[in-house]
Amino acid sequence: MLVGIMTLLREALAGAERDYTTVPVGRAVIFLAVPMVLEMTMEATFAITDVFWVSRLGVDAVATVGLTEAVLTLLYALAGGLGIATTAVVSRRIGEGQPARAVTAAVQAIILGLAISAVIGVPGALLGGDILRLMGGSESVAATGAGYASVVFGSSVTVVLIFLVNAAFRGAGDAALAMRVLWLANGINLVLDPCLIFGWGPFPEMGVTGAAVATALGRGIGVAYQFRVLARGAGRIRVRRADIAVRLREIGLILRLAVGGTLQNLIATASWIALVRIVGAFGSAAVAGYTIAIRIIVFALLPSWGLSGSAATMMGQNLGAGRPDRAERAVWIAGSYNVVFLLAVAVVFVAGARPLVGFFSHDPEVLAYGIESLRWVAYGYGFYGLGMVLVQAFNGAGDTTTPTVMNFGCYWLFQIPLAYVLAFTLEWGARGVFVAVPVAESLLTVVAVLTFRQGRWKTRQV
């Protein structure tokens with residue numbers, strides 16, 4: 001039994017080319033999920049390590065990271081929307097047996113990504129401190145974090161391209177390639193982070209700004225590796241010089257799908273920003289505690305997003321091959337794996353909230369907020385596990401509208417008002433925000449299950 005599991009894991013990490021429309025469904029999900037989970041695990045590890053080092057600089061530094069990333073999630077939403085579209089189109093073309101059109105889709109996504117990152121990166125780099133003030137940061141936070149915010153926003157291109165190229169790799173079934181890219185990028189981040197923050201060895205002491213520089217360098221090297229892989233054709237997608245051209249028809253298709261993907265991400269992101277803004281009304285300690293808790297939460301949820309990604313790839317490729325039955329089975333299998341995993345994590349988070357949060361801060365007020373936030377959000381983990389997979393399944397099918405509508409109803413029409421009422425009207429304070437998160441996410445999962453069972457995604461054309 002153990003030998004068989006180890007063999008399966010080695011095969012998944014090897015990244016050999018497979019036909020995911022014929023491999024047994026359970027094995028196919030594992031082959032895709034293992035590298036995707038490990039890819040996201042490295043991302044989660046870096047997020048935790050980053051805030052660990054930054055927390056040594058004080059509450060203002062942690063608040064800087066929290067407020068900056070609250071805004072940066074808008075960029076993640078745009079890149080994620082393009083990534084959703086890229087995965088949907090590339091996976092469908094691979095399933096249809098049209099690899100050349102898959103390459104075309106990947107190139108057009110990269111062109112769009114470059115344009116978007118230029119529009120966002122330049123003003124963001126110039127207005128770092130002002131953005132922190134706009135988010136409710138104090139003058140001390142703005143003074144401490146202006147350099148950090150400017151570097152983070154100015155390196156937007158690396159964020160976008162990491163998203164998009166890895167989305168193309170996953171859609172093609174090259175999940176192991178995407179894993180290696182993120183391990184390289186974040187491995188460099190992990191090494192440079194403390195060196196540039198504290199000035200270890202020959203490196204300059206840059207404080208919280210050093211964390212941003214380390215991230216930009218790591219991601220930049222990751223993007224360079226992605227382009228090298230694309231040029232050499234190490235996976236299913238090989239970009240030749242003749243492929244580098246603007247194809248308006250393909251751009252139109254990607255944009256059509258990306259609009260829905262971006263809107264669903266923006267809705268969720270704007271909701272999260274609103275929650276951070278509400279928490280900010282209760283002071284820097286509340287923001288810092290919430291930021292630490294969210295980083296710990298992301299540590300578990302990012303691997304789960306990796307597992308959810310396997311459902312998206314299976315959905316796209318098998319619908320392209322005319323096998324919706326396999327696509328549906330893959331979704332329920334991935335969903336069951338995710339639920340089991342996150343329930344186990346929830347037990348750890350609820351029982352061990354104090355030492356987990358205490359690892360990042362010993363400030364009594366920050367500690368109290370972080371513990372309470374972590375526990376409340378963890379109560380909804382079982383629902384998150386299934387909901388995340390179902391949302392990615394819709395996206396993989398090319399139906400980005402359904403998750404958008406669900407997000408709008410569950411986040412904007414329900415979560416934000418609920419958080420505001422609990423926090424201010426009922427005077428629960430920051431706890432009102434913490435409680436609103438699992439309630440809204442659980443509602444989203446129930447709606448997603450009911451909608452998925454209707455089966456309209458089976459006839460979706462891309």
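One line per residue, one yes/no per condition, for (1) in a helix (DSSP H, G or I); (2) surrounded by 22 or more Cβ atoms within 10 Å (Cβ to Cβ); (3) modelled with pLDDT under 95; (4) not hydroxyl-bearing (Ser, Thr, Tyr):
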residue	(1), (2), (3), (4)
Gly382	yes, no, yes, yes
Val391	yes, yes, yes, yes
Pro403	yes, yes, yes, yes
Val421	yes, no, no, yes
Trp457	yes, yes, yes, yes
Val462	no, no, yes, yes
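Being of a type outside the set (Phe, Trp, Tyr) and under 21 Å from Val54 (Cβ atoms) is true of Leu192. Among the residues of the range 209-217, are any β-branched (Val, Ile, Thr), in contact (Cβ under 8 Å) with a residue 12 or more places away in the chain and under 30 Å from Val377 (Cα atoms)? Yes, the range 209-217 contains a residue that is β-branched (Val, Ile, Thr), in contact (Cβ under 8 Å) with a residue 12 or more places away in the chain and under 30 Å from Val377 (Cα atoms). If the condition is being within 28 Å of the chain's Cα centre (by Cα) and within 14 Å of Val90 (Cβ to Cβ), then the range 233-246 contributes Gly235, Arg236, Ile237, Arg238, Val239.
May I ask you to list the residues in the range 300-322 that are hydrophobic (A, V, I, L, M, F, W, C) and under 22 Å from the mean Cα position of the chain (by Cα)?
Once the filter is applied, which keeps residues that are hydrophobic (A, V, I, L, M, F, W, C) and under 22 Å from the mean Cα position of the chain (by Cα), the range 300-322 yields Ala300, Leu301, Leu302, Trp305, Leu307, Ala311, Ala312, Met314, Met315.
The residues listed here are Ala149, Ala70, Ala105; of these, the one that is among the hydrophobic types (A, V, I, L, M, F, W, C), under 28 Å from Met179 (Cβ atoms), assigned to a helix (DSSP H, G or I) and at pLDDT 80 or above is Ala105.
Taken over the range 417-462, the criterion of being out of contact with any Gly (no Cβ under 6 Å at 6 or more places or on another chain), closer than 30 Å to Leu319 by Cβ and not polar (S, T, N, Q) is satisfied by Ala440, Leu443, Val446, Val447, Val449, Leu450, Phe452, Arg453, Gly455, Arg456, Trp457, Lys458. Is it the case that the range 108-128 has a residue that's among the hydroxyl-bearing types (Ser, Thr, Tyr), assigned to a helix (DSSP H, G or I), in contact (Cβ under 8 Å) with a residue 40 or more places away in the chain and out of contact with any Leu (no Cβ under 9 Å at 6 or more places or on another chain)? No - not one qualifying residue is present in the range 108-128.
Listed here are the residues, each with its yes/no results for (1) outside any helix (DSSP H, G or I); (2) within 21 Å of Arg295 (Cα to Cα); (3) of a type outside the set (A, V, I, L, M).
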{"residue": "Gly322", "(1), (2), (3)": "yes, no, yes"}
{"residue": "Ile333", "(1), (2), (3)": "no, no, no"}
{"residue": "Ser336", "(1), (2), (3)": "no, no, yes"}
{"residue": "Val339", "(1), (2), (3)": "no, yes, no"}
{"residue": "Val357", "(1), (2), (3)": "no, yes, no"}
{"residue": "His362", "(1), (2), (3)": "yes, yes, yes"}
{"residue": "Ala368", "(1), (2), (3)": "no, yes, no"}
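Go through the range 323-348 residue by residue and tally those that are among the aromatic types (Phe, Trp, Tyr) and under 20 Å from the mean Cα position of the chain (by Cα). Selection size over the range 323-348: 2.
Considering the range 352-370, and only residues there that are surrounded by fewer than 21 Cβ atoms within 10 Å (Cβ to Cβ) and either in contact (Cβ under 8 Å) with a residue 60 or more places away in the chain or of a type in the set (Asp, Glu) (or both), the residue that is farthest from Leu450 (Cα to Cα) turns out to be Asp363.
Got at least one residue in the range 234-244 being more than 30 Å from Ala105 (Cβ to Cβ) and crowded, with 19+ Cβ neighbours inside 10 Å? Within the range 234-244 (the criterion being more than 30 Å from Ala105 (Cβ to Cβ) and crowded, with 19+ Cβ neighbours inside 10 Å), the answer is no, since none of the residues qualifies. From the list Thr45, Thr21, Thr64, Thr49, the lone residue that is surrounded by 19 or more Cβ atoms within 10 Å (Cβ to Cβ) and assigned to a helix (DSSP H, G or I) is Thr64. Checking every residue in the range 279-291 against the condition of being assigned to a helix (DSSP H, G or I), modelled with pLDDT under 85, under 27 Å from Gly171 (Cβ atoms) and under 18 Å from the mean Cα position of the chain (by Cα) gives zero matches. None of Ala185, Ala214 is out of contact with any strand residue (DSSP E or B) (no Cβ under 9 Å at 6 or more places or on another chain) and over 30 Å from Ile94 (Cα atoms) except Ala214. Every condition in (1) surrounded by fewer than 24 Cβ atoms within 10 Å (Cβ to Cβ); (2) modelled with pLDDT under 90; (3) aliphatic (A, V, I, L, M) is met by Leu132 except one, and the failing one is (1). Taking the condition out of contact with any Lys or Arg (no Cβ under 9 Å at 6 or more places or on another chain), among the acidic types (Asp, Glu) and in contact (Cβ under 8 Å) with a residue 40 or more places away in the chain, does Asp174 pass? Judged against the criteria, Asp174 is not a match. On inspection, Leu386 does not qualify as of a type outside the set (D, E, K, R) and farther than 22 Å from Leu342 by Cβ. Within the range 408-415, none of the residues are touching a Gly at 6+ places or on another chain (Cβ under 7 Å), in a helix (DSSP H, G or I), within 30 Å of Ala168 (Cβ to Cβ) and at pLDDT below 95.
The values are calculated or read from the model by the stated rules, or taken from the named source; none is laboratory data. These numbers come from a predicted model, not from an experiment. Backbone-built Cβ (ideal geometry, glycine too); neighbour counts: all protein chains shown.
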